[in-house]
Amino acid sequence: MPLYTETSNSLRVISSSPSNIFEIYTLNIILSFDYYIITLLLPLYYSTSFGLSDLHAGYIFGCAGLFLSILSFTIGHIIPEIGCKRGLVLSTLSVFLGFMILSMNRSFYMSLFAILGLICFGVSLSGPLIGIGVKRYSDSTNRSTSVSILMMGTYLAGIIAGTYVDIVWNFFEDKAVIFDIIFSTAAGASGLGFLIALTLKSNEKLEGNQLTSPNSVIFTRKFWKFLIVIGFVTLLHSVCFEQLDATFPKFITRVIGDKAHFGIFFGIYSANMLIGALAFTPLTFKLSSYTLIMLGGSLGALASLMLFLGSTNLNFITFALLLSSGECILVPRTLDYTMKVASEGEEGVYLAVCNSPYYFGMILTGIISGKLLENYCPEYGDKSCFFIWKIVSICAICVVMLMGIFKYCISHNENQAETEESREARD
């Protein structure tokens, strides 16, 4: 009970925060909805609309991750100079234009420009800006709760996106019409986000006046230890959690058929993350963020084994619940860990790196997904679809074991970081 009391006290402090943080939370929901739409549908879109093979569709999924990673690293150190308002206006406008092109155009190359150019740019720009906003409007005493609320918004967007895709997918027969409707809706959402971003008030706390040189950040032992931790998190995302987007939709449609409700299971996944993001927050008062990241990865490995057991709805639901429990621990605590490591003025670089597991991991995910589907679960021919998830589970377990072995070599002293930040806040 004392742990939940601390969480309740943090919520009261957050409720009296400046209004800008709630506008940032809203923009996070909108941009997360657009991100979920594109990651959930990207492999299916290219296989269905352009007749690409699983492997080639996986390559495009991986290219999206590559572009997001490059853009995140490139613009991460200049984000504080752009400013929160201008950055989010530019981000939402770019995503809006990308989805408008997808909904109105049938050209393969224009679709690549829309996804790999406009949408990737908008998404990569928004992540660090939203993270900086949350850090600047919270302190070390309510930071974990603030991050959990941010992630709850992300997961709410996942529920909406998954449910919406499932309804549209099963209501219409023409796949071209389905993609047009969904992409048009995503464009409308980002258009609304653009209008909200225009109403943001410029605030010096979000404009990053104390900018630290990227070179002074990168060439430090602290940064390289942090980079190794993020490397492990990237592997967990690519071999385990991202397979929900890249592999699961094709897997379930090939095992059950075209009427497979993969969007419903995605909605269950997101609903559990929405609840779990705050429900698991009290653990942060007793366990380190690094330990919780390992716990999240372990749950993800266990989840994949559920699909190896058979194609029952119970197994699918258990998979969704375990995987979402793992991710709603791993993702907020990775962001929490990043905020504890990064000093003021360094957030742009650290948060850009923190986003790389989702973006750079997509490169590995696309390749892994394409290879697994073609070898074990092809559209035609002999199938051993369930063997995919045994491989996924073993890989995830290996990553968690490596994190445990090297924990005391690479983990950051989180208690020391919180003490220093509290001292700076008092000064």
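Readers should treat all values here as calculations from the given coordinates under stated rules, not as data from a laboratory. All figures in this text were calculated on a predicted structure; none of them were measured in a lab. In this analysis, Cβ positions are derived from the backbone assuming ideal geometry, glycine residues included, and neighbour counts consider all displayed protein chains.
The figures follow:
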read-out: Ordering of 155-163, 321-329 by packing [mean C-beta count within 10 Å, highest first]; value: 321-329, 155-163
read-out: Cβ crowding within 10 Å averaged over residues, with 49-57, 266-274, 400-408 ranked highest first; value: 266-274, 49-57, 400-408
read-out: Label-zone membership for the stretch 314-344, site I256, 7 angstrom Cα→C-beta point, backbone N under 17 Å; value: 314-324
read-out: The stretch 156-167 - phi-based ³J(HN,Hα) in whole Hz, Karplus 6.51/-1.76/1.60, Gly and Pro as x; value: 4, 4, x, 4, 4, 5, x, 5, 5, 4, 5, 5
read-out: Dipole moment magnitude, nearest 20 debye, the stretch 19-421 about Cα centre, only Lys, Arg, Asp, Glu C-beta charged; value: 420 debye
read-out: Cα gyration tensor category, rounded, prolate or oblate, for the stretch 19-421 with a/c compared to 1.5; value: oblate
read-out: Per-peptide average of other Cβ atoms within 10 Å, ordering 129-135, 392-398 highest first; value: 129-135, 392-398
read-out: Above-threshold pairs, the threshold being 22 Å between Cα atoms, out of K85/K135; K175/K390; K175/K383; K225/K340; value: K175/K390; K175/K383
